[in-house]
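The values are calculated or read from the model by the stated rules, or taken from the named source; none is laboratory data. Everything quoted here is computed from the prediction, not taken from an experiment. Here the Cβ positions follow ideal geometry from the backbone for every residue, glycine too, while neighbour counts run over all protein chains shown.
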Amino acid sequence: MKRRPSLLLALGLCAFAFAGCDYTLRQDMANQPRQNPLSPAPIFQDGRSERPIPDNTVARGSIADDALFTPKDSNAFPLSLTQELLARGQDRYNIFCSPCHGIQGDGQGMVTMRGMKHPPTYHQDRVRNEPNGYFFDVITNGFGAMNGYSAQLTPHDRWAIVAYVRALQLSRNAHVAELPANLRDKLAAGGSAQ
């Protein structure tokens, strides 16, 4: 008979433990507080559950639908070339590209001076003859030791960098006949074209 009280005690403890296993106490991924898409949400001031996209957000996986998408082998340039675009490209280039590629695009950046592999210069014929889409693709997805910058740069900024790289290439490979008349006269007189 001594076993009976301990058996009753064990059954009582089990019943007490199972009483705490209510459905509301169970943590379940399917049963969580959430908002359905496009449903009203009183916790936000505008009453919407979906939030606007933050500024400078870079979309992932939708570049093919982007108006700025250009195939890798295309030489098209989807933006109009303006002084503001080149200035933005120079700014982004100096931040993201110059540590490896150098300020002049010659592959002599600070990182390479410390032992990292030298990237090719933008001024060699092979790179100069690549289409604009190639540069956009390399900036987006990376190439060789270079990581892609699609998470850091918007497509607009990537095209601005492509425009600036083309300006760097032109700065070293412009023919005198392509210069405006006033700059040709200045060079003929012995001055610099700047």
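Taking into account only those residues within segment 33-45 that are in a loop (DSSP other than H, G, I, E, B) and surrounded by 10 or more Cβ atoms within 10 Å (Cβ to Cβ), which is modelled with the lowest pLDDT?
The residue in question is Q35.
Residue-by-condition table, conditions (1) under 21 Å from A76 (Cβ atoms); (2) in contact with a Leu (Cβ under 8 Å, 6 or more places away or on another chain); (3) modelled with pLDDT under 90; (4) not in a loop (DSSP other than H, G, I, E, B):
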{"residue": "T112", "(1), (2), (3), (4)": "no, no, yes, yes"}
{"residue": "K117", "(1), (2), (3), (4)": "no, no, yes, no"}
{"residue": "R126", "(1), (2), (3), (4)": "yes, no, no, yes"}
{"residue": "H156", "(1), (2), (3), (4)": "yes, yes, no, yes"}
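Can you go through P71, P99 and tell me which one is more than 18 Å from A167 (Cβ to Cβ) and outside any loop (DSSP other than H, G, I, E, B)?
P99
For residues that are in contact (Cβ under 8 Å) with a residue 24 or more places away in the chain and within 20 Å of N173 (Cα to Cα), tally how many sit in segment 88-126.
8
What do you reckon, is L9 at pLDDT 75 or above, surrounded by 10 or more Cβ atoms within 10 Å (Cβ to Cβ) and touching a helix residue (DSSP H, G or I) at 6+ places or on another chain (Cβ under 7 Å)?
It is false that L9 is at pLDDT 75 or above, surrounded by 10 or more Cβ atoms within 10 Å (Cβ to Cβ) and touching a helix residue (DSSP H, G or I) at 6+ places or on another chain (Cβ under 7 Å).
Name the pairs: first residue in segment 143-168 and closer than 23 Å to L81 by Cβ, second residue surrounded by fewer than 16 Cβ atoms within 10 Å (Cβ to Cβ) and of a type in the set (S, T, N, Q), Cβ to Cβ under 8 Å, at least 6 apart or on different chains?
S150/N141; T154/N56; L168/Q104
Scan segment 83-90 and give yes if some residue there is at pLDDT 85 or above, within 18 Å of Q152 (Cα to Cα), charged (D, E, K, R) and surrounded by 14 or more Cβ atoms within 10 Å (Cβ to Cβ), otherwise no.
Checked against the condition, which is being at pLDDT 85 or above, within 18 Å of Q152 (Cα to Cα), charged (D, E, K, R) and surrounded by 14 or more Cβ atoms within 10 Å (Cβ to Cβ), segment 83-90 yields at least one hit.
Would it be correct to say that Y122 is within 21 Å of the chain's Cα centre (by Cα), modelled with pLDDT of 90 or more, in a loop (DSSP other than H, G, I, E, B) and of a type outside the set (V, I, T)?
It is false that Y122 is within 21 Å of the chain's Cα centre (by Cα), modelled with pLDDT of 90 or more, in a loop (DSSP other than H, G, I, E, B) and of a type outside the set (V, I, T).
So for segment 131-153 (the condition being out of contact with any strand residue (DSSP E or B) (no Cβ under 8 Å at 6 or more places or on another chain), surrounded by 19 or more Cβ atoms within 10 Å (Cβ to Cβ) and not in a helix (DSSP H, G or I)), does at least one residue qualify?
Yes, because at least one residue in segment 131-153 is out of contact with any strand residue (DSSP E or B) (no Cβ under 8 Å at 6 or more places or on another chain), surrounded by 19 or more Cβ atoms within 10 Å (Cβ to Cβ) and not in a helix (DSSP H, G or I).
Identify all residues within segment 154-194 that are buried (at least 16 other Cβ atoms within 10 Å of the Cβ) and among the β-branched types (V, I, T); write none if there are none.
T154, I161, V162, V165
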